[in-house]
Ligand SMILES: NC(=O)c1ccc[n+]([C@@H]2O[C@H](COP(=O)([O-])OP(=O)(O)OC[C@H]3O[C@@H](n4cnc5c(N)ncnc54)[C@H](O)[C@@H]3O)[C@@H](O)[C@H]2O)c1
């Protein structure tokens, strides 16, 4: 950390990772920003356009440098555990794109390594505007007692990099599991999951997962049930990655298409004049939650142009419900203050393990399996 208290951040992975560069550049508690990727052309282009302080084409070389207080990993999934362990072993703070791991053993390794350091899983779903709004509704009492939750992540991975072929959908379930558990305030205790459909040979990868789609029913603490569907191939549904939460006084349903309005429901009292309670349905443009962000990041929950000092303007996106500035702010603030981030290793494990166990259930024909607690 610099004398000023600012921290220097290295981003690893120029694909999804480049969506965070301008946020680190603008954050008031960040000093220098670097980028590492195997693709020399990508780091050179982004380094110049974003005014980065250093670029690398080797992860090992970047870690061997004496620079960087914190490293944000945004590389392919199969590298997350080994790169997280490598970062934590140098004493640096580590943020990792989801998922934390794809095996329970991988989770255990990261938890052990993170015990003496700082780890955060960059779960976008826990800072999307819809989730923040649903939390506010829950906390205001508008939902009443939550009785059921569901969610789905449907995305067509045709044409994605080869490592996605044959990927077990439930091993990427954190975007749905995390908000459902967060809203329920409960852990997943057990799960039964079925695979659905059959992967075409061109999508089968190494053949270890036969399912394009998996659907799971989780038993949560507190007597709740939650249903999660994950779909990566052979499904013509347009992209959706969201949840529904149902309470006895109110409910919220995710926009049926990306960018559309969410729907809220509010039940009035049963008045004897009809069967059932009157239920009001409202379409809602979900507001951004800006008050928790530093002034410098407030403009980045929506796409727009950003002008790095002394350079030409660049177009910056704001995918995943405006969550990226919140994730950066939480990670940087936690490292700066020497506290655990909101999505530390224990929280990350508790939202990653349920999907891993669900896939195991699907491979075993849908048997109910216990999910480890963390
Ligand atoms: N909403 C979300 O949270 C969200 C969204 C998109 C992607 N992701 C996650 O982010 C990660 C990256 O996604 P992506 O779409 O950019 O993947 P990608 O495969 O398109 O890009 C990964 C990048 O990492 C680089 N890379 C590979 N090995 C490397 C190494 N050893 N050292 C340095 N760089 C290396 C590649 O060259 C590539 O540029 C994935 O784990 C994905 O699951 C999360």
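The values are calculated or read from the model by the stated rules, or taken from the named source; none is laboratory data. Quick caveat, the model's predicted, so the values are computed rather than measured. Methodologically, a virtual Cβ is constructed for each residue, glycine included, from the backbone with ideal geometry; neighbour enumeration extends over all protein chains shown.
Taking the range 96-113, which residues are in contact with a strand residue (DSSP E or B) (Cβ under 9 Å, 6 or more places away or on another chain) and buried (at least 20 other Cβ atoms within 10 Å of the Cβ)?
Answer for the range 96-113, where residues must be in contact with a strand residue (DSSP E or B) (Cβ under 9 Å, 6 or more places away or on another chain) and buried (at least 20 other Cβ atoms within 10 Å of the Cβ): 96, 97, 98, 99, 100, 110.
Scan the range 229-244 and give yes if some residue there is assigned to a loop (DSSP other than H, G, I, E, B) and under 28 Å from residue 373 (Cα atoms), otherwise no.
yes
With the checklist (1) buried (at least 16 other Cβ atoms within 10 Å of the Cβ); (2) farther than 20 Å from residue 20 by Cβ; (3) out of contact with any strand residue (DSSP E or B) (no Cβ under 7 Å at 6 or more places or on another chain) in hand, flag the one item residue 361 doesn't pass.
The failed condition is (3).
Of the numbered conditions (1) in a loop (DSSP other than H, G, I, E, B); (2) on the phi > 0 side of the Ramachandran plot, residue 222 fails exactly one; give the number of that condition.
Of everything listed in (1) in a loop (DSSP other than H, G, I, E, B); (2) on the phi > 0 side of the Ramachandran plot, residue 222 misses just condition (1).
With the condition being touching a residue at least 60 places away in the same chain (Cβ under 8 Å) and either within 18 Å of the chain's Cα centre (by Cα) or assigned by TED's automatic domain parsing to the domain that holds residue 228 (or both), I'd like the strands (runs of 3 or more DSSP E) fully within the range 258-374 carrying at least 3 qualifying residues.
Here the list reads 262-267.
Go through the residues of the range 115-136 one by one and say whether even a single one is surrounded by fewer than 24 Cβ atoms within 10 Å (Cβ to Cβ), part of a helix (DSSP H, G or I) and in contact with a strand residue (DSSP E or B) (Cβ under 8 Å, 6 or more places away or on another chain).
yes
Determine if the range 213-227 includes at least one residue that is at pLDDT 95 or above, within 19 Å of the chain's Cα centre (by Cα), within 15 Å of residue 242 (Cα to Cα) and within 16 Å of the ligand (Cβ to nearest atom).
no
Let's see how each residue does on (1) in contact with a strand residue (DSSP E or B) (Cβ under 8 Å, 6 or more places away or on another chain); (2) in contact (Cβ under 8 Å) with a residue 60 or more places away in the chain; (3) farther than 23 Å from residue 320 by Cβ:
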site: 148; (1), (2), (3): yes, yes, yes
site: 159; (1), (2), (3): no, no, no
site: 171; (1), (2), (3): no, yes, no
site: 176; (1), (2), (3): yes, yes, no
site: 186; (1), (2), (3): yes, no, yes
site: 194; (1), (2), (3): yes, yes, yes
site: 203; (1), (2), (3): no, no, yes
site: 213; (1), (2), (3): yes, no, no
site: 217; (1), (2), (3): yes, no, yes
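From the list 157, 183, which one is part of a helix (DSSP H, G or I) and in contact with a helix residue (DSSP H, G or I) (Cβ under 9 Å, 6 or more places away or on another chain)?
Answer to the check: 183.
What number of residues in the range 24-34 are touching a residue at least 60 places away in the same chain (Cβ under 8 Å) and in contact with a strand residue (DSSP E or B) (Cβ under 9 Å, 6 or more places away or on another chain)?
6
Looking at (1) within 16 Å of the ligand (Cβ to nearest atom); (2) under 30 Å from residue 233 (Cβ atoms), find the lone condition where residue 148 falls short.
That leaves (1) as the condition not met.
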